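Notes to accompany the following structure.
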Amino acid sequence: KGARGKFLNKAGVLNYSSKGIQLESLRKILRLAKEQGIQVALVNMPLADDYDSNFDNLAAKDEYLNAAKQVAAEFGLPLWDMENLPADQQFGDADFGDLNHLNERGSTRLTSMVAELFTKWVAEKGQ
């Protein structure tokens, strides 16, 4: 399986990981971005409704989101949760090419939503 294989679950899908090398790599990227003056926002990506059935342990999904919130707070960054949107804004089957990849329609919607959030965030910061 190799190094990447240790994160796979029984269905061969990457499990959420809220610790270890994945989390430390995120922190390293965020430190480098901060040193270079690069503005970063964290985005929890949308997933198709059936995606969770691939996971061995759904509690890991909550741990992952809590870790993302902690890192966002640690670095003073926004975390935009595109998975848990109001009902009228949620991504549906028509937005996905498979269980975890958006198709053209979904990626267009996501890009517009994130661009709007980012523009508003930058304007509020006065930069």
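Counting the residues of the stretch 75-103 that are touching a residue at least 40 places away in the same chain (Cβ under 8 Å) and either within 15 Å of the chain's Cα centre (by Cα) or within 22 Å of Phe118 (Cβ to Cβ) (or both) gives 10. Find the residue count for the stretch 35-85, including only residues that are more than 22 Å from Arg109 (Cβ to Cβ) and among the hydroxyl-bearing types (Ser, Thr, Tyr). Qualifying residue count, the stretch 35-85: 2.
Coordinate-derived values only; no laboratory data. Worth saying up front: this structure is predicted, and the values here are computed from it rather than measured. Positions of Cβ are backbone-derived with ideal geometry, glycine not excepted, and every protein chain shown enters the neighbour counts.
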